[in-house]
Amino acid sequence: MIETMVLPDADSVGAHAADILDEAARSGSRALGLATGSSTDPIYSELVRRHGGRDNPYRKMQFYLLDEYVGLPVGHPERYAEVIRRSFADPLGIPFSRVHAPDVDASDAGRAAAAFEQEIADAGGIEVQLLGVGGNGHIAFNEPGTPFESRTRVVELAARTRQDNARFFGGDVGSVPRRAMSQGIATILGARRIVLVATGRAKAEAVAALMESRPTRLLPVSALHAHPAVTMLLDRDAASGIEADHVAGEQVRAGRCA
Ligand code: GLP
């Protein structure tokens, strides 16, 4: 079941997601799943604002990335591990060895993907998985058409995804990698709790489709309907395409007034 909350803006979405993570960290969770992209940025900024430079419960945890581009050199600023180092791990004093990403440089990608799955299993599974959604409904880099049983593997990026992500590469779609190693949909659904964040008009269509759709592989995010504990945090723009009766009463307490 997807609990939906509409918040005034992206910063409020970030703050609410940070509350959920703080609670998980304080209650002794060992492993969190991290996403990259503009939607999750305000969450990391908020965590750094709250805890940066201080001892904090995150220092003792392990972190698992959803996906990683194939073909960017180690240290490239858009490599997702590097993004997480910059925006999350370093400012929170978390040793980078606690940030786990699929090994996209391995000579045997299949083995590396299986090893990543094993790492997550060895950590006891993911307690809270942060998730964004692509404009085409993808989660991680599971593009439309991906089977719900999929697990970590190398994938091809959809043309729309490369176009959407060109903004991180100076607007040059040719610089956006064509492939990535991504957790599969089944891997993502293995998390005990999922926090999906979506902000901005560009996500309104995917969010509305999710609310109206039964689970279908044409809309990867719709797989979340099968998960027992999903919280979806939206700003008003991302929620602009959904009917009010899809949204839980909880939003009132969260400060939504329109
Ligand atoms: C990217 C990532 C996803 C992310 C999504 C939305 O391509 N692979 O994990 O959630 O697309 O990104 P953004 O938040 O930048 O819109």
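The values are calculated or read from the model by the stated rules, or taken from the named source; none is laboratory data. Note that the structure is predicted; figures quoted are calculated from it, not measured. Note that we place each Cβ from the backbone using ideal geometry, even for glycine, and neighbour counts take in every protein chain shown. Side chains included, ligands, DNA and RNA excluded: accessible areas come from the protein's heavy atoms. Shrake-Rupley method; radii C 1.70, N 1.55, O 1.52, S 1.80 Å.
Brief remarks on what is shown
- Looking only at residues in the stretch 33-55 that are within 16 Å of the ligand (Cβ to nearest atom), touching a helix residue (DSSP H, G or I) at 6+ places or on another chain (Cβ under 7 Å) and open to solvent by 50 Å² or more (accessible area, probe 1.4 Å), the one that is nearest to GLY134 (Cα to Cα) is ASP41.
- For ARG30: the one exception among (1) without any contact (Cβ under 8 Å) to a residue 12 or more places away in the chain; (2) within 19 Å of the chain's Cα centre (by Cα); (3) surrounded by fewer than 18 Cβ atoms within 10 Å (Cβ to Cβ): (1)
- Residues of the stretch 11-27 satisfying the condition of being open to solvent by 30 Å² or more (accessible area, probe 1.4 Å) and in contact (Cβ under 8 Å) with a residue 40 or more places away in the chain: SER12, HIS16
- Among the numbered conditions (1) out of contact with any helix residue (DSSP H, G or I) (no Cβ under 7 Å at 6 or more places or on another chain); (2) free of Cβ contacts under 8 Å to residues at least 60 places away in the same chain; (3) more than 29 Å from ALA223 (Cα to Cα), the only one that LEU72 does not meet is (2).
- Among the residues of this structure, PHE96 does not count as one that is in contact with a Pro (Cβ under 8 Å, 6 or more places away or on another chain) and surrounded by fewer than 18 Cβ atoms within 10 Å (Cβ to Cβ).
- Residues of the stretch 1-10 satisfying the condition of being more than 21 Å from ALA226 (Cα to Cα) and surrounded by 15 or more Cβ atoms within 10 Å (Cβ to Cβ): VAL6, LEU7, ALA10
- Residue check, GLY134 under 20 Å from ALA31 (Cβ atoms), among the small types (Gly, Ala, Ser) and not in a helix (DSSP H, G or I): no
- Enumeration of residues in the stretch 178-205 that are among the polar types (S, T, N, Q) and either open to solvent by less than 10 Å² (accessible area, probe 1.4 Å) or within 12 Å of the chain's Cα centre (by Cα) (or both): SER182, GLN183
- Residue list for the stretch 206-244, filter: farther than 22 Å from GLY33 by Cβ and buried (at least 23 other Cβ atoms within 10 Å of the Cβ): ALA239
- Flag for PHE116 being within 14 Å of the ligand (Cβ to nearest atom), of a type outside the set (Lys, Arg) and open to solvent by less than 20 Å² (accessible area, probe 1.4 Å): no
- Condition check for GLY52: small (Gly, Ala, Ser) and more than 29 Å from ALA223 (Cα to Cα): yes
- Filter result for ARG153 (at pLDDT 95 or above and away from the ligand (no atom under 16 Å from the Cβ)): no
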